[in-house]
Amino acid sequence: MKERILSLQALSEKMNPSGADYENLNSAAGEFANSFLSSLDQGQAYRQIPSMKGKLENADQTAAFGEILDQLREDMLQVGLNPASGGHLGYIPGGGLYAGVLGDYLAALTNQYAGIFYGGPGAVKIENELIRWLCQLMDYPDTSLGNLTSGGSIANLIAFVTAREARGLKAAEFENQCIYLTAQVHHCVHKAIRICGMQEAKIRTVAMDERFRMDATDLEQQIKQDHKAGLRPFLVVASAGTTDTGAVDPMDRIADLAQSHGLWFHVDAAYGGFFKMVDLEQGESGYTRDLFKGIERSDSLAIDPHKGMFLSYGLGAVLIKDVASQYKAHYYRAAYMQDTLSNQEELSPCDLSPELTKHFRGLRMWLPLRLYGLDVFKAAWEEKILLCRYFYEEIKKMGFETGPFPDLSVCIYRYLSEQGDPDAFNRALVEYVVRDGRVFVSSTTIEGVFWIRIAILSFRTHLSTIDLYLEILREGLYHLLKPTRPV
Ligand SMILES: *Cc1c(COP(=O)(O)O)cnc(C)c1O
């Protein structure tokens, strides 16, 4: 048997490179990184997607590392969106800070166990400290903590499960519960309501003002109506930066109503939360940070460092004001885990989320924060808001119709040409921009109207990027408005 074991070992040792093999892997990966990063300046933000049929279908075929990297360059990097590009101005960009990339590398390399304090006290401490830091940014008290999630969707889900359990709701009561949100809430909120089993609850769509913010007066009326009808107002979901237009709901007024009617108040700040730290003047509202007044009165909050902190995908956060309720909704015990109970100086992520074994995603956030500090991030956030305002003014001058003055770094606009259907014209304009590919933008439909969006949140997006996009739009207009010549 020993002989067999040793021969198997000889084969399985292939998975543990050393010496020259190790060096070669590293230098090839390093070269891949170098050429990728240096291509970002001149590179495309989007490339038309050819069919992927017949490509990348060799998951179990061995090949040399260099060959595999070539295949990735060819079949992965040459197609679709390049989210690392500063030209990514669609959906909600982020980027992928290189220091965060290294954090991921080190997290994966050391494979620290970030699920349980007993096993990975350093990793868990780092993650909990990051969550406490986020709580401080949001003016949450010491009783709060939360969880580093894979993104905003799971963050919202954890918050709703916590709210449901905190209210002690049983399935039979779900259909009497009322949940309040606007038509502009992110679709993952609806998804989370369904996944947490509460799709039978009454979902109330609250009216919005002309800037797509929740109308608190309508919220109040609907709550009162539901009370009168014998229903139970349960949860209100506000957005601190909607995906479509970056609108920030009136948090303070919503907090007042949640408080006086006993609702759980959740804020989806997945996109916009970090802009709370910005001190720009903001019209009649005072300063940007004032838009967020009242966010500290929420019971739970979702915020996405893989958007606002420019980190690679896979890092969101949920903050829960009364962490005891989050713990009660998520902890579990198992015999084979009994030793872990011997040291609970810190709460463990596995007791605050659905995950047990989890990626040590916190290192990706910790490293850039330690290296650069809050002020550098603040500068980037303010830059993004100003770039959006700059774009907003310039696009107006070009004759575009614009949506409301941007609260944050997203705005909507469309060109009203003399001829034809305006929706079709603007769809063609988006297609022109995407086909060009130097930048990428996406569109949306709000209350039946087609709008082009710009979302500025990549750390690689700067003034030159916006000027380039304006130039592409000019070219697009010239192209599309050109009178059709008789043949
Ligand atoms: C992106 C986004 C989400 C979803 O977050 P993911 O990280 O994509 O899961 C939720 N809400 C808002 C406002 C968002 O912008």
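No value in this document is a laboratory result; all are computed from the given coordinates. All of these numbers come straight from a predicted model, not from anything done at the bench. All Cβ positions, even for glycine, are placed from backbone atoms using ideal geometry, and neighbour counts span all protein chains on display.
In table form, for the structure just shown:
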{"item": "Highest-first arrangement of 399-410, 162-173, 238-249, 379-390, where packing means the average Cβ count within 10 Å", "result": "238-249, 399-410, 379-390, 162-173"}
{"item": "Computed FRET value (nearest 0.05) for residue 449 with residue 39, which takes r as the C-beta separation and R₀ as 41 Å", "result": "0.65"}
{"item": "For segment 316-330 versus segment 221-277, the gap between their alpha-carbon centres in whole angstrom", "result": "18"}
{"item": "Using alpha carbons only: equivalent-ellipsoid semi-axes of segment 17-82, gyration tensor based, whole Å", "result": "24, 18, 5"}
{"item": "When segment 103-372 is reduced to its Cα atoms, the Kirkwood hydrodynamic radius in Å", "result": "19.0"}
{"item": "Kirkwood Rh and Cα Rg combined as Rg over Rh, evaluated for segment 84-184", "result": "1.05"}
{"item": "Inter-part distance where segment 337-367 and segment 407-483 are each reduced to a Cα centre, Å", "result": "43"}
{"item": "Ordering of 319-327, 338-346, 368-376 by packing [mean C-beta count within 10 Å, highest first]", "result": "319-327, 368-376, 338-346"}
{"item": "Percentage, to the nearest whole number, of Cα pairs in the chain over 31 Å apart", "result": "51"}
{"item": "Separation of alpha-carbon centers, segment 96-128 and segment 4-25, rounded to whole Å", "result": "26"}
{"item": "Charged-residue dipole, Cβ positions (Lys, Arg, Asp, Glu), segment 182-242 about Cα centre, Debye nearest 20", "result": "240"}
{"item": "Alpha-carbon gyration tensor eigenvalues x 5, square-rooted, for segment 340-487, Å", "result": "43, 18, 14"}
